[in-house]
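*Asks:* Before I ask anything, let me first share the structure, which is written out below as structure tokens.
The values are calculated or read from the model by the stated rules, or taken from the named source; none is laboratory data. These numbers were taken from a predicted model, which means no experiment stands behind them. Reconstructed Cβ throughout: ideal geometry from the backbone, glycine too, with neighbour counts over all protein chains shown. To get the accessible areas, we keep the full protein, side chains included, count just its heavy atoms, and leave off ligands, DNA and RNA. Shrake-Rupley method; radii C 1.70, N 1.55, O 1.52, S 1.80 Å.
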Amino acid sequence: MTSDCRAELELAERIEAIELPLLLEALHQRYGYDFRDYAPASLLRRLRLAMQAEQLTTVSAFQDRLLHDPACMARLLDTVSVDVTAMFRDPAFYLAFRDQVVPGLQALPHLKVWVAGCASGEEVYSLAIVLFEAGLLEKTQLYATDFNARGLAQGQAAIFPIRKMREYTANYVKAGGQAAFSDYYTAKHDAVILRDGLRRNIVWAEHNLATDSSFNEFHVVLCRNVMIYFTRKLQERVLGLLYGSLAMQGVLGLGHGESLHGYPVADCFAAISRAEKLYRKLR
Amino acid sequence: MKYALVVIGASLGGLQALRVILSALPAGFRLPVAVVQHRSPAAGAPLQFVLQEACALKVQEIEDKQAIAPGVVQLAPPDYHLLVEDDHFALSLEAPVRYARPAIDLLFETAARCFGPQLVGVVLTGTGDDGAQGLAAIQCHGGLALIESPQTAQAAAMPTAATAATSGAIELELARIGPYLVDLSLQ
């Protein structure tokens, strides 16, 4: 029985290995989204999850629907680009940002900050709160970009389910927040909407890290847990893009499981916090 | 060498079980070892240090795209899924699987695809059934399936579920797992 399942499985996987590059090429040509250098293991899992949701069993059938039904593509985009996250997720990161990055920003006349791959906005608003509490938000222009327009719209709306507030509040406190987290939102039915003061200095725009180029120079760039979905080759491209988007002495923030270690641009940065993946551009 | 990677999954009771296994691995142990220990998102470095105390090999928390390397016990970081690709690890923030992130099944299934018959999978103590499907996938791809005996497991649910999901997996008392892996590494 084991050898039967093995032969069948190997055939299915061989066929899938043919179908996958065809699918990614098709999506690129049809819609301009380039997933060809996405990390294969996580991409395959997400494609499978999306296929299950569509009740399709082969990649070829999925390709058929994706090519002919843009709404299906929109659903796939959400599956591939949106991680469920939380405000002040990784509280230690925000603590390190407060303690080790914020002091150096006080002297700047104005501040430009880019959150790349912002999706539903939790990280952008968390950072806005940190900047507000440091008295920096007034002079800051935040750019929140993502390649998923629906995610951007959601982020811009600044609406979150009220049941998440307990987790967000706990995170906020662990991240060094001293105010009442509820000061930052107003509640309505089972949702909350963040206060205008937090939303005012944020520009939301479409930008695709895999295909687009640099569009400005920033004092702070956050790109956290976005590049884990890319191959090393694409990561190098994106790191080059982020490096090129940073002013000298600018700060780059990555996700907890990420690192500059082993990448060519690493030589251009010094670690501000190795544990929390904060780096300063030195050359 | 017959085998190229050992993947180990543990939940409740895993800390102690892993210490026993790792303490049996000599400094020259030749197989790369990857471990998913169910851990809370807030868990910090302590797990790594506790395991390091018992282990002659270096115990290291994995960073995204880190190479799969012998001579190191590579540990899934908290609150990420650990996946295997070709010759390196990849992290993911996909939703928790049965409340677990890292999930054992994801490590095992992705490792099975890449390593096939060169893979050894080990399911240890734990509640729930994470790892059962993954171990079945490892077997299905021609790899070797090891399960900690429910007699020694602090929590028997995971080993029991793994046994039910597989066919002819090798059941070992905790103290025999380390030496067994050493034997496999010499094949």
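*Asks:* Kindly indicate the residue of the stretch B:85-96 that is facing chain A (nearest Cβ under 7 Å) and not charged (D, E, K, R) and also farthest from residue B:42 (Cα to Cα) among those meeting that condition.
*Replies:* Taking the candidates together, the pick is B:90.
*Asks:* Please specify each residue of the stretch B:65-84 satisfying the condition of being within 10 Å of another protein chain (Cβ to nearest Cβ), open to solvent by 30 Å² or more (accessible area, probe 1.4 Å) and in a loop (DSSP other than H, G, I, E, B).
*Replies:* Residue satisfying the conditions is B:66 alone.
*Asks:* Now for a different question. Enumerate the pairs (first residue in the stretch A:136-161 and more than 10 Å from residue A:204 (Cβ to Cβ); second residue anywhere and acidic (Asp, Glu) and assigned to a helix (DSSP H, G or I)) with beta-carbon separation below 7 Å, excluding pairs fewer than 6 apart on the same chain, so at least 6 apart or on different chains.
*Replies:* A:148/A:78; A:150/A:78
*Asks:* When you look at residue A:255, is it assigned to a strand (DSSP E or B), of a type outside the set (Asp, Glu), open to solvent by less than 20 Å² (accessible area, probe 1.4 Å) and under 22 Å from residue A:130 (Cα atoms), yes or no?
*Replies:* Considered against the rule, which asks whether it is assigned to a strand (DSSP E or B), of a type outside the set (Asp, Glu), open to solvent by less than 20 Å² (accessible area, probe 1.4 Å) and under 22 Å from residue A:130 (Cα atoms), residue A:255 comes out as no.
*Asks:* Grab the helices (runs of 4 or more DSSP H) fully contained in the stretch B:129-187, keeping just those with 1 or more residues being more than 16 Å from the chain's Cα centre (by Cα) and closer than 18 Å to residue B:118 by Cα.
*Replies:* In the stretch B:129-187, B:132-140, B:174-185 are the helices (runs of 4 or more DSSP H) which contain 1 or more residues that are more than 16 Å from the chain's Cα centre (by Cα) and closer than 18 Å to residue B:118 by Cα.
*Asks:* Here is a further query. Tell me the residue from B:106, B:22, B:47 that is touching a Lys or Arg at 6+ places or on another chain (Cβ under 8 Å), assigned to a helix (DSSP H, G or I), more than 14 Å from chain A (Cβ to nearest Cβ) and surrounded by 20 or more Cβ atoms within 10 Å (Cβ to Cβ), please.
*Replies:* Step by step, each of B:106, B:22, B:47 is checked, and only B:47 is touching a Lys or Arg at 6+ places or on another chain (Cβ under 8 Å), assigned to a helix (DSSP H, G or I), more than 14 Å from chain A (Cβ to nearest Cβ) and surrounded by 20 or more Cβ atoms within 10 Å (Cβ to Cβ).
*Asks:* Restricting attention to the stretch B:125-169, report how many residues are more than 14 Å from every other protein chain (Cβ to nearest Cβ) and open to solvent by 30 Å² or more (accessible area, probe 1.4 Å).
*Replies:* Residues in the stretch B:125-169 being more than 14 Å from every other protein chain (Cβ to nearest Cβ) and open to solvent by 30 Å² or more (accessible area, probe 1.4 Å): 12 in total.
*Asks:* Identify, by number, the condition in (1) farther than 16 Å from residue B:76 by Cβ; (2) more than 9 Å from chain A (Cβ to nearest Cβ); (3) surrounded by fewer than 24 Cβ atoms within 10 Å (Cβ to Cβ); (4) free of Cβ contacts under 8 Å to residues at least 60 places away in the same chain that residue B:116 doesn't meet.
*Replies:* (2)
*Asks:* Ok, one more. Determine whether the stretch A:205-216 contains at least one residue that is of a type in the set (Phe, Trp, Tyr), crowded, with 17+ Cβ neighbours inside 10 Å and away from chain B (no Cβ under 14 Å).
*Replies:* Checked the stretch A:205-216: no residue is of a type in the set (Phe, Trp, Tyr), crowded, with 17+ Cβ neighbours inside 10 Å and away from chain B (no Cβ under 14 Å).
*Asks:* Within the stretch A:103-167, which strands (runs of 3 or more DSSP E) (wholly inside it) include 3 or more residues that are within 19 Å of residue A:218 (Cβ to Cβ)?
*Replies:* A:111-116, A:140-146
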